[in-house]
Amino acid sequence: MLKPTWKKAIAAIITLLVPFTFALSYQSDNISAVTAEQVNAEKNEAAEQPELDKEQIEQLTAAFMDKVTQDIDTNYKVLNYNTKEELLKSFDEVATRDVSGPIVDFYFTEEADGLYILPTETPAWFNPDNSYKEETDSDKYVTITQSNTDDLHGNYTIEIKFLYDGGWKIAAVKYL
């Protein structure tokens, strides 16, 4: 009588272990497949990331300054935007909010009848006619450093960090 009981016990154990083993194997295969897909997606994204070239640097820095120097009327009222938020959204195409936020807060005032610019000089900025040093910080960041001299600001060195996040944007500006 013991032999049939042992046989039943072994059969029961095998019956329980086989589905469990298949379930673990299936989960392991799915985890491997998902991980492989994620790695491939990251590789494809890195491969699709275009290099930041001179033309893009000049375009982004010029577009940024164009947004700072808005079209205004004789009372310094901004013509194309009514609120700081509207203006900030337009900056989103070329810069992160970490960069555009302080600029908009400093240079623009929101009044009941619209947005006004502070009548002052523009900040020291990138000069497309001068050379600059370019350094790739990682897959997503490139930093340029440029030394300039002008009558208003004298000698200055500007460091602009660009971020790639589906497109290149100005992510930080620092004066050295």
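What follows draws every value from the coordinates through simple rules; no lab data is involved. Computed from a predicted structure; not experimentally measured.
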**Request:** Just the ratio, please: alpha-carbon radius of gyration of segment 54-175 over 2.2 N^0.38 Å, N its number of residues.
**Result:** 1.10
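State which entries of LYS54/LYS77; LYS133/LYS169; LYS84/LYS169; LYS84/LYS133; LYS84/LYS161 exceed 29 angstrom in Cα-Cα distance in the structure shown.
LYS54/LYS77; LYS84/LYS133
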**Message:** List the aspartates and glutamates whose Cα sits under 13 Å from the Cα of LYS174, skipping any in the same chain fewer than 8 residues away.
**Reply:** ASP98, GLU159
